[in-house]
Amino acid sequence: YSEFLNPKEQFLASRFLEKQRGAEMPIFRFWGGYPQAERKILCLFSEDTWAWNELSEKESGDSCGQAPVAALSVRGSGFRTLSHRDYLGALLSLGLERHVIGDICILDQRRILSFVTQNLQKVSADTVTVAPLESDAEIPEAKRFETLSLTVASLRLDCIVSAAAGVSREKAKQMIVSGRVEVNFTPVYAPDFSVNADACLSVKGVGRFLFDGVVGSTKKGNARINLRKFL
């Protein structure tokens, strides 16, 4: 098991290991403690332990056997709202390093549940009623993406960056050649680079996107694409 890896490190490790499979490298998987985790550890398996891992996953729901990942709940007094930066800073002040800490998920604090339930009667001009949910399963999954439906002349990198960033093709080309654009966490300097479906695009100053691919075409022959922007 490795330390926690960020998405770029996961991509590079995955690409390296996939190239080595012919040399009997162990089978691998990434796990961060829950399915939507961004920071994950690399789990390496030899052939004779892979079957055991598959069985363990079915029994426990853990996507990496008995990976050494633990979840902790940290609750404040409610005196102030604590941010991701607050929690991370406190952990690092203990002498820990970032690579031993996975995702930090900010959850709603429930100390004032009864107060809100009894006293919240209006939202804007509407009268409301408040009641606790029966289970956490009723809470919708946090929205991590904004889906963008865009039209591009081709799947060239400059076309997609232009549409995603809302800038001209010429400006997009300048952003690419100046090193502000990465595809799958690797800098790409060629504006005519062809982008494949499922690629991760990072544009400095704009954001990070997942390219879902072509979903249709226009009468003029342009491509309709979907991008998911990380929030």
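At a glance:
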| quantity | calculated |
| --- | --- |
| S168 open to solvent by less than 60 Å² (accessible area, probe 1.4 Å) and either modelled with pLDDT of 95 or more or touching a Ser or Thr at 6+ places or on another chain (Cβ under 9 Å) (or both) | no |
| Out of A37, A71, A13, sole residue that is modelled with pLDDT of 80 or more, open to solvent by 70 Å² or more (accessible area, probe 1.4 Å) and small (G, A, S) | A71 |
| Neighbours by Cβ (under 6 Å, 6+ apart or cross-chain): first from segment 65-81, farther than 13 Å from I106 by Cβ; second surrounded by 11 or more Cβ atoms within 10 Å (Cβ to Cβ) and charged (D, E, K, R) | G78/R111 |
| Among residues of segment 195-214, those that are more than 23 Å from F16 (Cβ to Cβ), open to solvent by 20 Å² or more (accessible area, probe 1.4 Å), touching a helix residue (DSSP H, G or I) at 6+ places or on another chain (Cβ under 9 Å) and not aliphatic (A, V, I, L, M), counted | 3 |
| Enumeration of residues in segment 174-194 that are β-branched (V, I, T), in a strand (DSSP E or B) and surrounded by 14 or more Cβ atoms within 10 Å (Cβ to Cβ) | V181, V183 |
| Residue selected from segment 89-99 under the condition part of a helix (DSSP H, G or I) and more than 18 Å from the chain's Cα centre (by Cα), by the criterion surrounded by the fewest Cβ atoms within 10 Å (Cβ to Cβ) | G89 |
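The values are calculated or read from the model by the stated rules, or taken from the named source; none is laboratory data. Predicted model only: the values in this text are computed from it and were never measured. FYI the Cβ positions are ideal-geometry reconstructions off the backbone, even for glycines, and counts take in every protein chain you see. Surface areas here come from the heavy atoms of the whole protein model, side chains and all, with no ligands, DNA or RNA. Shrake-Rupley method; radii C 1.70, N 1.55, O 1.52, S 1.80 Å.
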